[in-house]
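Undergrad: The structure follows.
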Amino acid sequence: MKIVTDCAADLSIDELEKLDVVAAPLFIQFPEGEVNATAISADEFYNRLEAMRPAIPTTAQPSAGIFAEIYRKLATKDKEILSIHISSGLSGTINAARDGGEQTKSEANVNFWDTLTLSGGERFQVLAAAFANKAGWVLDAIQERLTKIREKTEVIYTLDTLEYLARGGRIGRVKALAGSLLNLKPIIRVDADGKYGTVGNKRTLSKSIEMITDTIRDKYGNTPVWATVLHGRFAEKADALAVEFKQKLNIAKLETIRISPVLGVHTGPGIVGAAVLPMELMSDLLK
């Protein structure tokens, strides 16, 4: 079986190659033209993002035609395909994937999986599927494991500014202005329905980072966890969050990665957060 995902899963090119996973591109539309989000480095992207203020680029999901092309190519090697995507509550990507699958149904048998999350949370599900596939698991067993991971994963983050969410229309401008005047740092999570929810607001990033850690500790207690610290261009705060995690959580595996530029369009560079899940849901797949 072949596995397809999208670049919102924040998998590196090296990881995709090692795991034999194909990532459909999402696109960033600058005034001077469209850019494949995988073809621009994080630093180059944030430089361009900050240079064009107060304007903001837009994002676009892959077309059904792009998915159809991917499925046709993979079907020449294996007709069974599992396509794993960013939450349907945050993007229409999985709908485009389904349309692409409909175009190729005589050539490929594509199953679709809505991760109901994004970034590091989506990444966990793609990694698990790829590891299980390499271990010879059948599709039902893989989907059963993905269901458990989807239910048990926390994706939570804070932002240095609400400016980018407001400019992209992701929150109301009145709310953004109020937050800016009060200098509030929202703590946002991906809820069970695959949409954003607010956990709280703090006056400083240090307090927000503390609240992220406390929220995760309240959820997992002393359970050994795999924690992926996520940031845009905010290494200092990512390091601070990692230190908090080491002090307050039972860390089985800790890593730090940068979010895809296509996600950074809506957050700006000042995003820091994490994706966390119980290690027991991955440990058997890492053997």
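Undergrad: Could you check segment 8-36 and list, in sequence order, the residues that are surrounded by fewer than 23 Cβ atoms within 10 Å (Cβ to Cβ) and part of a helix (DSSP H, G or I)?
TA: Within segment 8-36, 13, 14, 15, 16, 17, 18, 19 qualify.
Undergrad: Can you list residue pairs whose Cβ atoms sit under 6 Å apart, with the first residue in segment 242-269 being without any contact (Cβ under 8 Å) to a residue 60 or more places away in the chain and the second being among the polar types (S, T, N, Q)? Count only pairs 6 or more apart in sequence or on different chains.
TA: Matching pairs, first to second residue: 244/213; 248/213; 250/222; 255/228.
Residue-wise test of (1) crowded, with 21+ Cβ neighbours inside 10 Å; (2) closer than 29 Å to residue 245 by Cα.
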| position | (1), (2) |
| --- | --- |
| 77 | no, no |
| 83 | yes, no |
| 87 | yes, yes |
| 97 | yes, no |
| 101 | yes, no |
| 105 | no, no |
| 112 | no, no |
| 151 | no, yes |
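Undergrad: List the strands (runs of 3 or more DSSP E) inside segment 56-167, counting only whole elements, that have at least 3 residues being touching a strand residue (DSSP E or B) at 6+ places or on another chain (Cβ under 8 Å), at pLDDT 95 or above and closer than 27 Å to residue 184 by Cα. Please lay out each step first, then the result.
TA: Details: elements: 58-60, 80-85, 109-114, 154-159.
Hits in segment 56-167: 154-159.
Undergrad: Something else now. Could you say which residue among 68, 42 is of a type in the set (Gly, Ala, Ser) and not assigned by TED's automatic domain parsing to the domain that holds residue 8? First the steps, then the outcome.
TA: Values: 68 fails: not assigned by TED's automatic domain parsing to the domain that holds residue 8.
Result: 42 is the single residue among 68, 42 that is of a type in the set (Gly, Ala, Ser) and not assigned by TED's automatic domain parsing to the domain that holds residue 8.
Undergrad: Inside segment 260-272, can you point out the residues that are touching a strand residue (DSSP E or B) at 6+ places or on another chain (Cβ under 8 Å), surrounded by 24 or more Cβ atoms within 10 Å (Cβ to Cβ) and small (Gly, Ala, Ser)?
TA: 264, 268
Undergrad: Could I ask something else about it? Is it the case that residue 199 is at pLDDT below 95 and either touching a strand residue (DSSP E or B) at 6+ places or on another chain (Cβ under 6 Å) or within 26 Å of residue 58 (Cα to Cα) (or both)?
TA: Working: at pLDDT below 95: yes; either touching a strand residue (DSSP E or B) at 6+ places or on another chain (Cβ under 6 Å) or within 26 Å of residue 58 (Cα to Cα) (or both): yes.
The answer is yes for residue 199.
Undergrad: I'm told residue 100 meets every condition in (1) closer than 26 Å to residue 271 by Cβ; (2) within 23 Å of the chain's Cα centre (by Cα) except one. Can you identify the failing condition by its number?
TA: (1)
Undergrad: Considering 275, 227, which residue is in contact with a Ser or Thr (Cβ under 9 Å, 6 or more places away or on another chain), surrounded by 18 or more Cβ atoms within 10 Å (Cβ to Cβ), under 26 Å from residue 6 (Cβ atoms) and of a type in the set (Gly, Ala, Ser)? Quick ask: steps written out before the conclusion?
TA: Values: 227 fails: in contact with a Ser or Thr (Cβ under 9 Å, 6 or more places away or on another chain).
It is 275.
Undergrad: Ok, one more. Take segment 230-249 and flag every residue that is crowded, with 16+ Cβ neighbours inside 10 Å and in contact with a Ser or Thr (Cβ under 9 Å, 6 or more places away or on another chain).
TA: First, pick out the residues of segment 230-249 that are crowded, with 16+ Cβ neighbours inside 10 Å: 230-234, 237-238, 240-242, 244-245, 249.
The answer is 230, 231, 232, 237, 238, 240, 241, 242, 244, 245, 249.
Undergrad: Return the residue satisfying two criteria in turn: it lies in segment 76-100 and is touching a residue at least 40 places away in the same chain (Cβ under 8 Å) and of a type in the set (Val, Ile, Thr), and of such residues it is farthest from residue 136 (Cα to Cα). Step through it out loud before you land on a result.
TA: First pass over segment 76-100, keeping only residues touching a residue at least 40 places away in the same chain (Cβ under 8 Å): 77-78, 80-91, 93, 97.
With the extra rule that they be of a type in the set (Val, Ile, Thr), the set shrinks to 81, 84, 86, 93.
Numbers: 81: 14, 84: 18, 86: 25, 93: 28 Å.
Looking at the filtered set, the residue picked out is 93.
The values are calculated or read from the model by the stated rules, or taken from the named source; none is laboratory data. In this text, all values refer to a predicted model and were calculated from it rather than measured experimentally. A quick note on method: Cβ atoms are made from the backbone with ideal geometry, for glycine too, and the neighbour counts reach across all protein chains shown.
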